[in-house]
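Enquirer: What follows is a single structure, and I will ask about it in a moment.
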Amino acid sequence: MSMDTMLFWFLSLVLIVPAVMVVLLANPVYSALCLVMTMIGVAALFATLNAYFLAGVQLIVYTGAVMVLFTMVLMLFDLKHELQTFSRGKISGFLKIGGVGVLAGLLVGVITLATKKTTLISDGSPLAIELAQKAALGADNTKVLAENLFLKNMLGFEILGVLLLVIAVGTVALSRSKGGTHARD
């Protein structure tokens, strides 16, 4: 067995075991730690595929920022009363089933649009044409994508930044309000 194959199987175990533990563990903090381990394993797989940019983004964005957000949310909620949040009424049961149906429908729609969009992108979108032309000239695709995202589509990133700031301020305000999980008595 070659070293690449052994490394793949090792990283597969590093990914699968914590991923299953995310679902099976009852303690949400341990579950979040297992999710961190899974994300680090995905970054390692990206590195073995020589996709170092994706490995770095995986570590910085998901393992770093997203897990800090998850941990902050876990600390905001009162986990002692988590069983009381799941009511057993008929109306809430129908709402839950309806919510799952809506989410399933959205997922099917996204998958359908994504498969159609990938054929459109590969067929001749302006970005695909620009990437093909720059690649033929020997330009770096990462630089072309960064210029497209940060120069031509800057408004979207600014709106996303303001939205994330509003979410963070709203979370802190809700946690400190009367009846919040960490409200002062």
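The values are calculated or read from the model by the stated rules, or taken from the named source; none is laboratory data. Quick caveat, the model's predicted, so the values are computed rather than measured. Cβ coordinates were reconstructed from backbone atoms using ideal geometry, including for glycine residues, and neighbour counts include every protein chain displayed.
Enquirer: So, in the stretch 4-27, exactly how many residues are under 17 Å from the mean Cα position of the chain (by Cα) and in contact (Cβ under 8 Å) with a residue 24 or more places away in the chain?
Expert: Summing the residues that are under 17 Å from the mean Cα position of the chain (by Cα) and in contact (Cβ under 8 Å) with a residue 24 or more places away in the chain in the stretch 4-27 gives 1.
Enquirer: For the stretch 139-185, give me each residue that is modelled with pLDDT under 70 and either under 30 Å from residue 52 (Cβ atoms) or in a loop (DSSP other than H, G, I, E, B) (or both).
Expert: 139, 141, 177, 178, 179, 180, 181, 182, 183, 184, 185 - these are the residues of the stretch 139-185 that are modelled with pLDDT under 70 and either under 30 Å from residue 52 (Cβ atoms) or in a loop (DSSP other than H, G, I, E, B) (or both).
Enquirer: May I ask you to list the residues in the stretch 40-94 that are closer than 21 Å to residue 26 by Cβ, at pLDDT 75 or above and either in a loop (DSSP other than H, G, I, E, B) or not aromatic (Phe, Trp, Tyr) (or both)?
Expert: Scanning the stretch 40-94 gives a single hit, 67.
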